[in-house]
Amino acid sequence: MSKKRPEGIETYNAPAGGWGALKAVAESLARQQIVAQGAATLLKANQPDGFDCPGCAWPDPKHTSSFEFCENGAKAVTWESTAKRLEPSFFASHTLSELWEWSDHDLEDQGRLTAPIIYDAEKDTYVAIEWDQAFQLIGAGLNALPDPNMAEFYTSGRASNEAAFLFQLFVRAYGTNNFPDCSNMCHEATSVGLPHSIGVGKGTVTLEDFDHADAIFSFGHNPGTNHPRMMATLREVAKREAPIIVFNPLKERALERFASPQSPVEMATFSSTDIASAYHQVRIGGDVAVLKGMMKRVFERDAADLQAGGAGVLDRNFIAGHTTGIDALKADLDATRWEDIELMSGLARAAIESAGDVYVKAKNVILCYGMGITQHRHGTANVQQIANFLMLRGNIGREGAGICPLRGHSNVQGDRTVGITEIPNAALLDGMERAFGFRPVAEKGHNAVEAIEAIIEGKSKALICLGGNLAVAMPDPDATFAGMRKLDLAVHLTTKLNRSHLLPAKTTIVLPVLGRTDSDMQATGPQSVTVEDSMSMVHASRGFLKPPSENVRSEPAVVAGMAKATLGDRYGIEWDAMVGNYGRIRDKIEIVFPDFHDFNERIRQPGGFCLSVPASHREWKTPGKKACFLTAEGLNEDPRVVEPNVLTLTTLRSHDQYNTTIYGMDDRYRGVFGRRDVIFLNAEDLAERGLSDGDTLDVEAARDPSDPEDRPRLVKRLTAVRYNIPRGSAAGYYPEMNGLVALSHHDSRSGTPAYKSIPIRIVRAS
Ligand SMILES: Nc1nc2c(c(=O)[nH]1)N[C@H]1C(S)=C(S)[C@@H](COP(=O)(O)OP(=O)(O)OC[C@H]3O[C@@H](n4cnc5c(=O)[nH]c(N)nc54)[C@H](O)[C@@H]3O)O[C@H]1N2
Ligand SMILES: Nc1nc2c(c(=O)[nH]1)N[C@H]1C(S)=C(S)[C@@H](COP(=O)(O)OP(=O)(O)OC[C@H]3O[C@@H](n4cnc5c(=O)[nH]c(N)nc54)[C@H](O)[C@@H]3O)O[C@H]1N2
Ligand SMILES: [Mo]
């Protein structure tokens, strides 16, 4: 091991958090040139009268803040509240062809957009445009389509409830349910899978439940980077010696050990808290095997206990009174052989059994999971096996127990709650009719994959994006980019410039909007918006910074502007009144969704209020009014995995990025500095191919026999990094690897792209 490592690759031995995190906060303040007002900005994050951190959807107790020292929250806030400005004059000396060659980091690092702009094809660049003129062009473009279903309306999960609700009102009044959204790439497997199991597509736990849990199971999420405030919760659990059992192919540092920047002792003594009590490096895509293995163990322990005269280890009251399907589950587990479980999970039977034993011993169990579970071809099945596992011992709907999906964007859950869905149910349609006097169309619209397919096929001609960077977030950039260039109309509501804006349609308009940290002044005074966190708590968020320019508008105002220009006074919707006072948007939300009763009143309470999650009090909103054990066929999600020479690649976020936003080039905890063009590989997999640490490789997707239209996909010139990862598994960064993912490579039930299990082959670069 003394051999020199590739450039920028080091072994990182320190715990997560600690002084390194504080140093990184100071650096990002300096880089965004906001040292003077910066610290004050951070102190307003997640305070009762402040703004909701745009970084992640993890809750705060009473919304009164473990935030101050959250490194990646600080990066998100400083990135948005930067002093840098991108004026329209910038484009006079930069064409889109030139900007295309820039990195994603450099595009966004130009700063906040200050005025609406429109693409001028002759000059191949953007020029300024007046708001009213932009709205007229958008309205004309949408009204020119022969069918409203030829337009796509994308939502990224940072949009507030108020903006998202107005957006869906606009789109439903226009006449389509084409609502692709970032959730389709993220927790859709949860939204689709869990309702069949427990009657609701959301998590069932609250923060307080973590205080009462006897064991935590963690599958496929990286909280040290992506939900840093969760580390305070996990640290408390670890401190009281409740086991934390981790299943993750990579040894994520924060799940191993964490130094809390809020602990004077740990900071002063450079000590840390061990987080995981057992860390199982499951093979990528091996989670169904692990879950079935642990469930098998529970049944074996149950049988043994009964034989010894005990009462068994299953929660028989819960199973009899609240569930259906246990016999089919048992039959499936009996038919599943340990040899296959070991092969597919890459773990020894004894390891899985020991995890099963921890589960049986603990009275209250919470299971947390992230993208490592959902972004697979069998993402929905993964989620449902998790529900089965918890239900065996009644670990849903009581204190200290439950299911905890780690949501992505800070309001992705809320956007869905207030109507961003391509499949409206009767309650939503009834509610819209009550509130606005018209019944929207019921016909299913497009999810993200379907929207991109329709754009590529030329069936959809307009795309309006409420935030995000759709083209870069989606699979198959070659086809996606080409499709977007063929649109008639592309509109982006955004804070900063990104690559999706460099794909001009016939008419292309970029509209600058306020972010969470900006003060939002409307006719009746300063406005707050609301968001819903991962645990269904709804609370207010109010920015206070001076907006980047007088010519930037709020998302609700821009949505209303587009709606008026498109719809005229159709249905008599009072757009101006709602934009003048967001309380009136909330009045309408409350009429459509009765769960939001007394909305304006209840957001005044510190911490807001909790939306009801029926499963959390054992009310099952399934057709049979019971929770359902659901079986999943087999263990292997993709037949290519067992082809000769094939590895399974997963795609990850580095510590210095927010989805497609690249803050910097380091991934400190994984020991990568100054670069992202790497692929993490197991030492034996390298040796077997005659390759070494530091070699330059080309990566090719294995052809998909189930997709007749699959074509070669290649990402060239990545540096091999020898890494502690299971044999047969590989990892690289998102979005650099998206060229390896076909649009068809997704979970057939939820449409979630299988970004986490891409069959590949590696060869030395020519
Ligand atoms: N700072 C920051 N915060 C963020 C984001 C960000 O980009 N940056 N993104 C936000 C969004 S939209 C989301 S969805 C969340 C994402 O939060 P995460 O779900 O934590 O995101 P990923 O980086 O995709 O990490 C997935 C984890 O799953 C593991 N994994 C990969 N494949 C498998 C597998 O097959 N099985 C198992 N068991 N594990 C696997 C990986 O090693 C990694 O630890 O974070 C949100 N918060
Ligand atoms: N290979 C691979 N691909 C993935 C994933 C993966 O793990 N692997 N993860 C998927 C997941 S989980 C997700 S959620 C998607 C993310 O997909 P998106 O949500 O579409 O992407 P983001 O990168 O979060 O969007 C960033 C852009 O949002 C804009 N923005 C920022 N703040 C605001 C705001 O306040 N208002 C408005 N209007 N715009 C704003 C900025 O222009 C910024 O460039 O990517 C998916 N793609
Ligand atoms: Mo996400």
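Here are a few things to note about the model shown:
- Length gained on full extension, ASP305 to TYR12, computed as 0.36 nm times the residue gap minus the Cα-Cα distance: 101.0 nm.
- The chain: relative contact order in percent, alpha carbon pairs under 8 Å with at least 6 residues between: 21
- Computing FRET efficiency as 1/(1 + (r/R0)^6) for LYS84 and LYS546, where r is the C-beta to C-beta distance and R0 is 22 Å, gives about 0.95.
- Entry comment: accessible area of the chain is 35 Å² per residue, from protein heavy atoms only and a probe of 1.4 Å.
- Gain in span if fully extended, ASP569 to ARG485, counting 0.36 nm per residue against the direct Cα distance: 27.0 nm
- In summary, the aspartates and glutamates within cross-link reach of LYS3, defined as a Cα separation below 20 angstrom excluding same-chain residues under 8 places away, comprise GLU684, ASP685, GLU688, ASP693, ASP695.
- Among GLU162, GLU208, the sequence by solvent-accessible area, most first, with a 1.4 Å probe is GLU208, GLU162.
- Inter-label distance, ASP587 to ARG316: 5.8 nm, where each label sits 7 Å from its Cα along the C-beta direction.
- Helix-only arithmetic for the chain: the sum of -39500 (n - 2.57) across DSSP H runs with n ≥ 4, divided by the residue total, places the mean residue ellipticity at 222 nm at -9500 deg cm²/dmol.
- Burial ranking of peptide ranges 128-138, 709-719 (average Cβ count within 10 Å, highest at the top): 128-138, 709-719
- Relative contact order of segment 556-713, taken over Cα pairs closer than 8 Å and 6 or more residues apart, is 7 percent.
- Here's the picture: charge each Lys and Arg Cβ at +1 and each Asp and Glu Cβ at -1 in segment 639-764, and of ALA683, VAL721, PHE673 the one pushed furthest to the positive end of that dipole is PHE673.
- Charge dipole (segment 574-657, unit charges on Cβ, about Cα centre) - positive-most of ILE603, ASN636, SER616: SER616
- Förster radius 30 Å - calculated FRET efficiency between TRP19 and ASP677 (Cβ-Cβ, nearest 0.05): 0.55
- Here segment 500-535 is scanned for amide nitrogen atoms under 15 Å from the site 7 Å beyond the Cα of ALA121 along Cα-to-Cβ, giving 503-509.
- Taking Cα centre as origin and charging only the Cβ of basic (Lys, Arg, +1) and acidic (Asp, Glu, -1) residues, the dipole magnitude of the chain rounds to 840 debye.
- Student exercise, segment 639-764 dipole from Lys, Arg, Asp, Glu Cβ charges, in Debye to nearest 20: 140
- Given charges at Cβ of Lys, Arg, Asp, Glu: the chain dipole, positive-most of ASN469, PRO504, PRO228: PRO228
- For the chain, the cysteines with no partner cysteine C-beta closer than 4.7 Å are CYS53, CYS56, CYS70, CYS182, CYS186, CYS465, CYS610, CYS628.
- With every protein chain in place, the chain: carbon and sulfur % of accessible area (1.4 Å): 52
- The order of TRP575, TRP100 by accessible area, most exposed first and with a 1.4 Å probe, is TRP100, TRP575.
- Our estimate of slack between SER277 and HIS212, defined as 0.36 nm per intervening residue step minus the Cα-Cα distance, is 21.7 nm.
- Relative contact order for segment 195-405, counting Cα pairs under 8 Å that sit 6 or more residues apart, in percent: 31
- Take the Cα of THR324, step 7 Å toward its Cβ, do the same at GLU101, and the gap between the two points is 6.3 nm.
- With each label modelled as a point 7 angstrom along the Cα→C-beta vector, the ALA26-GLU619 pair spans 5.2 nm.
- Packing here is the average count of other Cβ atoms within 10 Å per residue, and on that basis the peptides 311-319, 464-472, highest first, run 464-472, 311-319.
The values are calculated or read from the model by the stated rules, or taken from the named source; none is laboratory data. Values in this document were obtained by computation on a predicted structure and should not be read as measured data. Cβ coordinates were reconstructed from backbone atoms using ideal geometry, including for glycine residues, and neighbour counts include every protein chain displayed. For the accessible areas, the whole protein counts, side chains as well, though only heavy atoms, and no ligand, DNA or RNA atoms are used. Shrake-Rupley method; radii C 1.70, N 1.55, O 1.52, S 1.80 Å.
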